[in-house]
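All remarks here apply to the structure that follows.
The values are calculated or read from the model by the stated rules, or taken from the named source; none is laboratory data. For clarity, every value in this text was computed on a predicted model and none was experimentally measured. Because the Cβ atoms are built from the backbone with ideal geometry, glycine has one as well, and the counts that use them run over all protein chains shown. These area figures cover heavy atoms from the full protein model, side chains too; ligands, DNA and RNA do not enter into them. Shrake-Rupley method; radii C 1.70, N 1.55, O 1.52, S 1.80 Å.
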Amino acid sequence: MSITTLKERQALYINGEWIPTDEVEPVINPANETTLAEAPLASRTHLEAALASGREAFDGGGWRRMSQAQRQSKLAEFLAAIERRSEEIIPLIVEETGSVLAVARFLQFAMPLQLARQMVDISTRPTLTPLPVDVVPNEHGSLSLAAGVVSREPVGLVVAITPYNVPFFCNVCKSVPALLAGCSVILKPSPYTPFEALVLGEIADEVGLPKGLLNIVTGGPEVGAALTTDRRVDLITFTGSDKVGATIQAQAAPTVKRVVLELGGKSALIVREDADVAMAAAAGLGGITTLAGQGCVLLTRHIVHNAIRARYVEALRNLIGGVKVGDPNDPAATMGPLIREAARSRTERYVAVALDEGCKLVVGGRRTTNLDRGYYYDPTFFDGVSNDCRIAQEEVFGPVGVVIGFDTDEEAIAIANDTAYGLSGAIFSANVGRAYEMALQLRTGGVIINGGFPRLTSGGPFGGVKRSGHGREFGESGLNEFTYTKTIDFQQ
Ligand code: NAD
């Protein structure tokens, strides 16, 4: 099989078969606005088939009763098969997402494989935990000796819904732990990036994953709504915007499904007076330009001590001057396009609102002028921003950052916490002890001290609070999301 066949097939992966669809929709390459292929669109009949297949694969019991070592071995094969196709999958990631090549190689491809391998390794964790021995009164009026275990069980049929910005990452990092835990999966990617999901069907075929364990259906909100309201689904794991996350939580409520929500962010970069300004500005640059600003954990609010703010702004301006916005396949390009015209015009509207609100534009604030095809926008940042401006509060999801001044640590913490979101955050300071004390006061799922991007492969849990969602991914906490606990007592 090749990516060309995948694109021409116009079929969904259901119950281990490729099922053609009557309806298709074009997928656009954001770097040049050409149609890269027509993607299949699932109908109600396809969804029925996927739901029945996923249910049967779980209820049949073959997979969930298999030994953990057998499941680990199958998923290790699955990951090895992905790795063998790296030279096809990485260009596909570039084509669908517009990620520059280096980011596609590392963040979009190598990192999820590393995380998934870690999850394979740690999934041997004990699934039985003994309970204390105790003496309890029994039905004969005498005493029994009681003991017990807590058994971790797979939750059942999982629906995984993924976004367009890190699609391959999310497809791998949701499907692999769910399967490791003994669940079956229906994967629904963003309609902007369908092939990075469908390719996993070919991988499943190649390694002989039992039929129905991984079903892949493509389409938009209607497809997602049908899956998240269906009573046969036990758990939804969703990565996307807070708006859609809230809708999904409501859609899941009537059937009382479990929901894991990994949502948006507006993360703070606190730069103390004693910080290494050059390092902090480099982290700030990453917060604006990585994935053209289309990243959930990006540091978009730069909260900088007023004594060094002018130096920070100058350093960041200089770094932005060195950014090459361009075709993501050009190895010299350091920032690619936004995903669609709608994303670029949303960014433009936010910039206009910021100017109206009196924020001072330092650099950028316009479409990239030397590229006439593709959804490019220049990296942009504002200084002198008040934290209550819309540009400081709402997720732009474009290459835009804001600089907000502060005078005391307490003020920095208050500004950082004054947001609807809580996903990531960073503190730059020569005094790491003080930075640690401040990190403990931030209401967010993660904080990096003297670094700009979370070390996702630490084995630590990843996730948010407030409108950034609930539930955790990666490591043991991530695996546990795909299980429930059952307490079994023995009395004699
Ligand atoms: P989105 O919320 O628009 O869409 C995400 C997915 O939900 C897509 O597959 C979409 O088709 C589907 N969907 C839309 N409406 C639905 C409905 N009613 N029911 C079920 N499914 C539905 O997000 P996006 O624009 O693709 O991605 C960007 C967002 O994702 C940003 O907010 C970003 O911060 C967030 N994100 C979060 C993380 C994280 O780990 N916290 C990681 C990456 C992206």
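Globularity index of segment 401-449 is 1.08 (Cα radius of gyration / 2.2 N^0.38 Å, N = number of residues). Considered as an equivalent ellipsoid built on the Cα gyration tensor, segment 139-289 has semi-axes of 35, 26, 18 Å, the largest given first. Solvent-accessible area of segment 74-127 (1.4 angstrom probe, protein heavy atoms only): carbon and sulfur portion equals 61 percent. Expressed in Å, the radius of gyration and Dmax of the Cα atoms of segment 431-485 are 13.0, 43. In whole angstrom, segment 383-492 maps to an equivalent ellipsoid with semi-axes of 34, 17, 13, each derived as √(5λ) from the alpha carbon gyration tensor and ordered largest first. If only the Cβ of Lys and Arg carry +1 and only the Cβ of Asp and Glu carry -1, the dipole of the chain around its Cα centre is close to 340 debye.
Among 183-189, 274-280, the peptide with the highest mean count of other Cβ atoms within 10 Å heads the list, and the full ranking is 183-189, 274-280. Cross-linked pairs 74/257; 74/174; 266/466: Cα-Cα separations exceed 20 Å for 74/257. For the chain, complete DSSP H runs whose alpha carbons reach 20 Å or more along their own long axis and whose mean Kyte-Doolittle score is 1.0 or higher are 167-181. Peptides 15-21, 475-481 ordered by packing proxy, namely the average of other Cβ atoms within 10 Å per residue, highest first: 475-481, 15-21. Over the Cα atoms of segment 26-108, the radius of gyration divided by the Kirkwood radius equals 1.11; this is the Rg/Rh ratio.
If you take all other residues with their beta carbon under 10 Å from the beta carbon of residue 148, and give Lys and Arg +1 and Asp and Glu -1, the sum is -2.
Put simply, when 105-112, 416-423 are sorted by average Cβ atoms within 10 angstrom per residue, most first, you get 416-423, 105-112. All C-alpha pair distances within the chain, sorted into 10 Å bins from zero, spread as 4, 19, 28, 24, 15, 7, 2, 1, 0 percent across the bins. The alpha carbons of segment 90-182 give a radius of gyration and a Dmax of 22.1, 73 Å, in that order. Among residues other than residue 28 with Cβ under 14 Å from its Cβ, the summed charge is -2 (Lys and Arg +1, Asp and Glu -1).
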